[in-house]
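Novice: To start, I am sharing the structure in question, which I have written as structure tokens.
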Amino acid sequence: SSASSGDGGASRAPDTSLFVPVPLKPGLGGAAEEDVGAELTRPLDKGEVLKNLNKFYKRKEIQRLGAENGLDARLFHQAFISFRKYIMESSSVSADLHIILNDICCGCVLLGHVDDLFPFFLRHAKQIFPMLDCMDDLRKISDLRLPPNWYPDARAIQRKIIFHAGPTNSGKTYHAIQRFLSAKSGIYCGPLKLLAHEIFQKSNDANVPCDLVTGEERVYANEDSRQAPHVACTIEMCSTNTPYEVAVIDEIQMIRDPARGWAWTRALLGLCAEEIHVCGEPAAIDLVTELMYTTGEEVEVRNYKRLTPLTVLDYALESLDNLRPGDCIVCFSKNDIYSVSRQIEARGLECAVIYGSLPPGTKLEQAKKFNDPDDPCKILVATDAIGMGLNLCIRRVIFNSIVKPTVNEKGEKEIDTITTSQALQIAGRAGRFGSSFKQGEVTTMHRDDLVQLKEILSEAVPPVKAAGLHPTPEQIEMFAYHLPDATLSNLVDIFVSLSQVDGMYFVCNIDDFKFLADMIQHIPLNLRSRYVFCTAPLNRKEPFVCTTLLKFARQFSRNEPLTFDWLCRHTKWPLPAPKNIKELVHLEAVHDVFDLYLWLSYRFMDMFPDAVLVRDIQKKLDDIIQIGVCNITKLIRASQSAAAPGTAEVVSEDFPLSRTKKDARVVSDRHGAASTEALSIAVEAAGLRRAKNLRPSRLGSKQEDLKSYGRGSLANRLLREGLLTQEMLRQLENEWQDQHRNGRYGFGSKRDDQHRSKETGKKRK
């Protein structure tokens, strides 16, 4: 789904598996046309025709001619099948083709040879594969080798590039923002709405009028909605044709991001500012310097050191009983957040909770609660969402795990050890400069993770090698002009397949775009509108949000405006406070639906006319979600007690993840023998074994198990088939938690195995 770096420009063979043939109906012409061929010769013997067509297909000379005309073996085969079907099923063919076929069938070499069919075959091939006729044009459109040339306004001025390089909490962004505030005009580009909002707030508090522009929101500093000279925006929203004195591009290392990297490339190459202040990891210095070399611009590097000391402790936390005020436990899944927060509150402690899918307002409220010295809440449980965009007074960061679920290029779920860059970004949140904690500490929950965390943090961050690119709507429109019958998903596939990039660039992953393109393909939309719908920022794992986009597109295609009343009916607004986790998750999805409406309202104002009303109810929904998050442990308890035997409502979606790279992607060994045995029997009974990688006797030993048999799939399947009850499932979870508390970490030693087999023997007796 992403094109690898090119070799400086040699054109490569297209991936012809992406070429979808245009269906051609067999000729059912009238009698007059049929008579011409038959009158001049005689009616065709279809049996003889078939024999000669097959002979034509096997000719090496014909295959060579096909290759010279862009037909590789795959296309040649598909074109021949279509050509043969067309001739055999047509009641009449053109007179010239009829005569040639007749001459060949006569068997007289002087009259005709099967090779004479080639011009007719090629004509047919170009009809079903129109791209064969315009391959050179398509290659030119998808040539991405000189991105600096896409921004003539930026190339017309000499820009000064200043790279503020340093770790988290080094003051690098602070210095860039000071220059932004002192300029006559400026633009701040950040990766998150929260960061854009923070700079917007800071600027206006410093009496520097500044607008806020995100995908879903426009807030003007001036009451008359006149544009202010300063703007804080999310990076995708920056303008490349407005001149500024100063531009700030934050978190520049995200230029390597497989999905969003293109936005940093566009800002770096395209912003029209006299000074570009780039902030981020030193690992991006070389790439930025190389990219600026191609534009003839020099890079001045300013290095910063961390402002407060950060210590990696020599001991792990090991038990939640050892928590202290100012501690932040970092988890890499929502389920771990639920589990840890419940265990903390069971000890009589209050905790704040922050994770990625919470609305920005709720995240800020939870951060405020945790930071407030007068609030009894002194512990934070969070995902890596705290790595950016929130100012937190953390004394100690505790990694609950050092492995993180990720999705690979094929869209498969994998579990891998966190990178040095991720570990530094998160650990660096401890001991923020200016907070009540003058130094930061970092450790792990489990003793056996600590050695590996120290290794990860001591490694150098690998240099950023390439910058992301993405096809523009104009390029896709030009493709569509040449290939009018192709679907949008197919167009972008062919674009990426033909694209050529320099070694410093890569084409970003387009899977989310294609997912939405396929989802709305059957809805009649013009190409521009279809493209906009496909770039909508939504999480495709949320079915409610995806079906809403589908409904939006359908109503839009009928030219029926999506009103406030329509949206309230669809989302069943007003909504009550959540009573369990499932309801909280649904409220988060509704919040995303409101975001989607607001995002579309800025692109199709007439069709999404009620943005002001939607923003009002979104604020109310944010308050309702905050109530839910404040009572999160009650919701977890309600979810677990409300689940009746045989239903599939389970709080956890996955079994706890293994903690080290060594057994990454494996069901955690912390379940213990009883859990493994019970699940093994259930798996075997359900016939869900995969011969190649899942044997009941060794459930925890194969790398693919977790991917395919996480609690979100296997457990629910077993519940549905009556082979596992909710009670058994709860028992398994309790056993795991008991072992976790007692410090038993699984199948590590012979002594453990012997102990377990004795225990099992006693139980059996």
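The values are calculated or read from the model by the stated rules, or taken from the named source; none is laboratory data. In this text the structure is predicted, and so the values were computed from the model without any measurement. Cβ coordinates were reconstructed from backbone atoms using ideal geometry, including for glycine residues, and neighbour counts include every protein chain displayed. The accessibility values were calculated without ligands, DNA or RNA, using every heavy atom of the protein model including side chains. Shrake-Rupley method; radii C 1.70, N 1.55, O 1.52, S 1.80 Å.
Novice: Hey, with R₀ at 25 Å, roughly what FRET efficiency would TYR220 and ASP565 work out to, going by the Cβ-Cβ distance, to 0.05?
Specialist: 0.35
Novice: Compute the FRET efficiency between THR242 and TRP150 as 1/(1 + (r/R0)^6), taking r as their Cβ-Cβ distance and R0 = 25 Å, and round to the nearest 0.05.
Specialist: 0.95
Novice: Evaluate the distance, in nm, between pseudo-label points positioned 7 Å from the Cα of LYS55 and of ASP133 along their respective Cα→Cβ axes.
Specialist: The answer from the label model is 3.1 nm.
Novice: May I ask which of LYS369/LYS582; LYS438/LYS620; LYS369/LYS579; LYS46/LYS126; LYS202/LYS572 have a Cα-Cα span longer than 30 Å here?
Specialist: Beyond 30 Å between Cα atoms: LYS438/LYS620; LYS202/LYS572.
Novice: Follow-up question, since we're still on this one. For LYS184 and THR406, calculate 0.36 nm times their separation in residues minus their Cα-Cα distance, and state this gained length in nm to one decimal.
Specialist: Full-extension gain reported as 75.6 nm.
Novice: For the stretch 411-565, what does the equivalent ellipsoid look like in terms of its semi-axes, each the square root of 5 times an eigenvalue of the Cα gyration tensor, given largest first in whole Å?
Specialist: 42, 23, 15
Novice: List the residues whose amide H sits under 5 Å from the amide H of ASP416, counting only those 5 or more places along or on another chain, with H placed 1.01 Å from N in the peptide plane.
Specialist: Counting only residues 5 or more places away or on other chains, the set is LYS404, THR406.
Novice: Here's a follow-up. Taking N as the number of residues in the stretch 147-303, what is its alpha-carbon radius of gyration divided by 2.2 N^0.38 Å?
Specialist: 0.96
Novice: Please list, ordered by chain and number, the residues whose modelled amide H lies under 5 Å from the amide H of ALA352; skip anything fewer than 5 residues away on the same chain.
Specialist: ILE379, LEU380, VAL381
Novice: Please report, in debye to the nearest 20, how large the charge dipole of the stretch 332-473 is about its Cα centre when each Lys and Arg carries +1 at its beta carbon and each Asp and Glu carries -1 there.
Specialist: Its charge dipole is roughly 260 debye.
Novice: Cβ under 13 Å from LYS85's Cβ, LYS85 left aside: what net charge do those residues give with Lys, Arg +1 and Asp, Glu -1?
Specialist: Charge balance near LYS85 sits at +2.
Novice: Still on this structure, I have one more. Please calculate how many Å² of accessible area the stretch 310-458 carries per residue, with a 1.4 Å probe and no DNA, RNA or ligand atoms counted.
Specialist: Normalised by residue count, the accessible surface of the stretch 310-458 is 38 Å².
Novice: Efficiency by 1/(1 + (r/R0)^6): what FRET value for ALA346 and LEU575, r their Cβ-Cβ distance, R0 = 25 Å, to the nearest 0.05?
Specialist: 0.30
Novice: Just to confirm a number: summing +1 for Lys and Arg and -1 for Asp and Glu over residues other than THR472 whose beta-carbon lies under 14 angstrom from that of THR472, what do you get?
Specialist: -2
Novice: How big is the charge dipole of the stretch 140-221 about its Cα centre, in debye rounded to the nearest 20, if each Lys and Arg gets +1 on its Cβ and each Asp and Glu gets -1 on its Cβ?
Specialist: In debye, rounded to 20, the stretch 140-221 gives about 420.
Novice: Per residue, how much accessible area does the stretch 147-303 show when a 1.4 Å probe rolls over the protein heavy atoms, in square angstrom?
Specialist: Heavy-atom SASA per residue in the stretch 147-303 reads 40 Å².
Novice: Any idea what % of Cα-Cα pairs in the stretch 80-187 are farther than 19 Å?
Specialist: 71
Novice: Could the peptides 267-277, 542-552, 144-154 be put in order, highest first, of the mean number of other beta-carbon atoms found within 10 Å of their residues?
Specialist: 267-277, 542-552, 144-154
Novice: Please state the equivalent ellipsoid semi-axes for the stretch 215-362: what are the square roots of 5 times the Cα gyration tensor eigenvalues, largest first, in whole Å?
Specialist: The answer is 39, 23, 15 Å, longest axis first.
Novice: Provide, for q = 0.29 Å⁻¹, the log10 of I(q)/I(0) from a solvent-free Debye sum over equal Cα point scatterers in the stretch 537-576.
Specialist: The Cα Debye sum returns log10 ratios of -1.04.
Novice: Another question, then. I want to verify the translational diffusion coefficient of the stretch 310-458 in µm²/s; compute it with Stokes-Einstein, Rh as the Kirkwood radius over Cα pairs, at 20 °C and 1.002 mPa s.
Specialist: 139
Novice: Let me ask another. Give me the accessible area of TRP262, 1.4 Å probe, in Å² rounded to the nearest 10.
Specialist: 70
Novice: Continuing with the same structure: Compactness ratio of the stretch 469-639: Cα Rg over 2.2 N^0.38 Å, N = residue count?
Specialist: Ratio of Rg to 2.2 N^0.38 Å for the stretch 469-639: 1.21.
Novice: If you don't mind, another one. Quick one: plug the Kirkwood hydrodynamic radius of the stretch 351-433 (C-alpha pairs) into Stokes-Einstein at 10 °C, 1.306 mPa s, and report D in µm²/s.
Specialist: So the translational diffusion coefficient is about 114 µm²/s.
Novice: Can you grab the distance from the C-alpha centre of the stretch 534-586 to the C-alpha centre of the stretch 93-157, Å, no decimals?
Specialist: The stretch 534-586 and the stretch 93-157 have Cα centres separated by 45 Å.
Novice: Express the accessible area of the stretch 61-107 per residue in Å², computed with a 1.4 Å probe while the remaining protein chains stay in the model.
Specialist: 45
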